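See below for the structure under consideration.
The values are calculated or read from the model by the stated rules, or taken from the named source; none is laboratory data. Model, not experiment: these values are computed from the prediction. No Cβ is skipped: glycine too gets one built from the backbone with ideal geometry, and neighbour counts run over all protein chains shown. With ligands, DNA and RNA removed, areas are computed over all heavy atoms of the protein, side chains included. Shrake-Rupley method; radii C 1.70, N 1.55, O 1.52, S 1.80 Å.
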Amino acid sequence: MIMELPDSVLRYLGTPRPMLIGGEWVGAESNGWEATVNPADGKVIGEYAIAGKASVDQAVVAARQAFENRDWSKITPAQRAKLLWRVAELIEANAKELAVLETLDGGKLFADTLNGEIPAAAESFRYYAGWCTKMDGRTTQPSVSEKEFHTYIQREPIGVVGHIVPWNGPLVMAAWKLAPALAAGCTCVLKPSEQTPLSTLLMGELFERAGFPPGVVNIVTGDGSTGANLVEHPEVDKISFTGSSATARKLLLAASGNLKKVSLELGGKSPVLVFADADIDRAISGAAEAIFANAGQVCVAGSRLLVERSVFEQVVDGVSRIANSLKLGPGFDSESQMGPLISERHRNYVHALVTSGVREGAEALSGGEQCSGVGYFYKPTVLVNVNQEMSVVREEIFGPVVTAMAFDDPEEGIALANDTPYGLAGSIWTRDLIKAHRMTASIRAGLLWVNCHGIPDMSVPYGGYKQSGWGRENGWDGMAQYTELKSVMTLL
């Protein structure tokens, strides 16, 4: 059964969507308007403005004025908390419209979005509303000879923050960035992905309805040049970016002009280690969910399946059966179990990596093919007979493709898990808690799960080792990165 779009969404899509700058909704300048496409059928669903350099500058100036004029950073923490809480309530009140836009723009399964990502976005604002009143300082006792000081250390908001958000989780990742920055007292300029701007723009209306002062939250839409203008801007104090490692390298060069602070949540090639003593049925189901959820377009996707040799065939056959049984279809079809990839270009990239692996000797137990017909669908794929030198094993695919390898003992499992330039996440499946804790201590990744995979929580810091990024999202650590430390020494 395919759901019909609500009238409210049809009206919303009927008009090209402007940008939120300084409390005003601003249309396109000379750069014009751009269409956004439904990846489930390739059809245009709406238009949004392309921000040129002038629009980005206007948004940054608005954010700077809101910060310097103390419209936001110096209101009481309790007042900020109430406004963040109100945003959470408005997200929940408009959950259906937001979920529809996420499904249209990104191809996500509607039920998963409505029941998962939209509540998670609301929870982010609610969680950080609680932190507004808890940004404490501390005192210390210097040891300067024959002198007495009153010394204290306090945290202050870092200033104007530029947020750049990817297409695979547009609303929840915008919430992950905006909520802690606003709780800390910063003002923000947010750029959503050019492929999924619609739900974020609707959230901008919710900030207005919540009563945020003009200029505190600004949303500019556009392509890579829009993001580059934001990163390069000398009045931006910090950039928070989620995306690919390749883009991050370019971003770092652009941010070097005023040596602005940068936090990065980047790629992953997360291992799923299954031991023979695990609950095998549970591990098979978990491994399949880890890679096929959202068609593998997940930062922490379990794209490397590492299995103890004695149960390798059992586990791989089980994951392959699930892959072959999944029903692919549009997100509004209640029978769909996996949606499309974000674009034809991305599908071609995924298929090129799979093809290169097969050419080098890998065998596809399932999938390995693009789907015919409309939409950018790709068959869930399980590859065996792979090795560590293959591109399909080493590069982030960001699609429903898992490579499977066997190991003989925990040491070999650790070595395989760590043999990657990434270190974002991973999971260990075993009934032996001593073994589990030994593995978590040995695997170089920022977030590890035991007997589960991909479960987020606002209190748990999220980020990676190595080329998977700098800094953390969520928890107090996610808010601390939007602050500066100031030390004060007063001679008595």
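For the reader, a short list of remarks on this structure follows.
- Taking a point 7 Å from the Cα of Val374 along the Cα-to-Cβ direction, none of the residues of the stretch 172-203 has its backbone N closer than 19 Å to it.
- Once the Cα gyration tensor of the stretch 113-265 is diagonalised, semi-axes √(5λ) in Å: 31, 21, 14
- Once the convex hull of all Cα atoms in the stretch 435-492 is built, its volume per residue stands at 148 Å³.
- Loop-located GluC sites (Glu not before Pro) in the stretch 131-205, at most 12 other Cβ atoms within 10 Å (DSSP): Glu146, Glu148
- Antiparallel DSSP beta bridges within the chain, as percent of all bridges there, nearest 5: 45
- Stokes-Einstein diffusion of the stretch 320-474 at 37 °C, 0.692 mPa s viscosity, Kirkwood radius from Cα pairs, rounded to a whole number: 189 µm²/s.
- Computed with a 1.4 Å probe over protein heavy atoms only, the accessible area of Leu202 comes to about 20 Å².
- Taking θ as phi - 60° and the Karplus parameters 6.51, -1.76 and 1.60, the scalar couplings of the stretch 419-431 work out to 7, 7, x, 9, x, 7, 7, x, 9, 10, 10, 6, 8 Hz in sequence order, x denoting glycine and proline.
- Here the stretch 48-136 was treated as a single set of alpha-carbon atoms; its pair distances binned every 10 Å from 0 give 16, 28, 33, 22, 1 percent.
- At the residue level, Asp57 shows approximately 70 square angstrom of accessible surface with a 1.4 angstrom probe and all protein chains present.
- Residue-normalised accessible area of the stretch 61-109, given per residue in Å² at a 1.4 Å probe: 42
- Over 19 Å [Cα-Cα, the stretch 73-190], rounded percent: 55
- 5 angstrom amide H check on Gly46, placed H, neighbours 5+ away: Thr36
- Here the simple spin-label model places points 7 Å from the Cα toward Cβ, and for Lys74 and Arg321 these points are separated by 6.7 nm.
- Mean residue ellipticity, 222 nm, helices only, the chain: the sum of -39500 (n - 2.57) across DSSP H runs of n ≥ 4, divided by residue count and rounded to 500, is -11500 deg cm²/dmol.
- When Rg and the Kirkwood Rh are both derived from Cα coordinates, the Rg/Rh ratio for the stretch 335-385 amounts to 0.99.
- Under a model in which nothing but the beta-carbon of Lys, Arg (+1) and Asp, Glu (-1) is charged, the chain shows a dipole of about 1100 debye around its Cα centre.
- Normalised per residue, the volume of the convex hull around the Cα set of the stretch 384-471 (Å³): 120
- Surrounding net charge for Val160, when Lys and Arg each add one and Asp and Glu each subtract one, Cβ distance under 13 Å: -2
- Once the Cα-Cα distance is subtracted from the 0.36 nm per residue extended length, the Ser145 to Ile434 segment shows a gain of 99.0 nm.
- For the stretch 40-80, the carbon plus sulfur part of the accessible surface works out to 46%, probe radius 1.4 Å.
- Restricting the calculation to Cα atoms, the chain shows an Rg/Rh of 0.99 when the hydrodynamic-style radius is the Kirkwood one.
- Listed peptides 293-300, 266-273 appear in the order 266-273, 293-300 once ranked by packing, highest mean of other Cβ atoms within 10 Å at the front.
- Where a label projected 7 Å from the Cα of Glu289 along Cα→Cβ would reach, residues of the stretch 440-465 with amide N under 15 Å: 449-457
- Enclosed volume per residue, in Å³, of the convex hull spanned by Cα atoms of the stretch 1-107: 123
- A straight chain from Lys82 to Tyr152 at 0.36 nm per residue would run longer than the Cα-Cα distance by 22.4 nm.
- Counting 0.36 nm for each residue step from Glu4 to Ala276 and taking away their Cα separation leaves a gain of 93.3 nm.
- Over all directions, the projected convex hull of the C-alpha atoms in the stretch 263-383 averages 9.0 nm² in area.
- For Ser225, Ser487, the ranking by accessible surface with the largest value first comes to Ser487, Ser225, using a 1.4 Å probe.
- Residues whose amide H falls under 5 Å from that of Gly22, counting only those 5 or more places apart or on a different chain, are Gly215, with hydrogens built in the peptide plane.
- Taken along the Cα-to-beta-carbon direction at a fixed 7 Å, the label points for Asn115 and Ala441 span 3.9 nm.
- Where the alpha-carbon atoms of the stretch 391-438 are placed on the principal axes, they occupy 32, 18, 17 Å, in descending order.
- Taking only Cα atoms of the stretch 153-201, radius of gyration then Dmax in Å: 11.9, 43
- Above 21 Å, the calculated P(r) of the stretch 245-320 contains 45 percent of its Cα-Cα pairs.
- The residues Tyr422, Tyr48, sorted by heavy-atom accessible surface at 1.4 Å with ligands and nucleic acids left out, run Tyr422, Tyr48 from largest to smallest.
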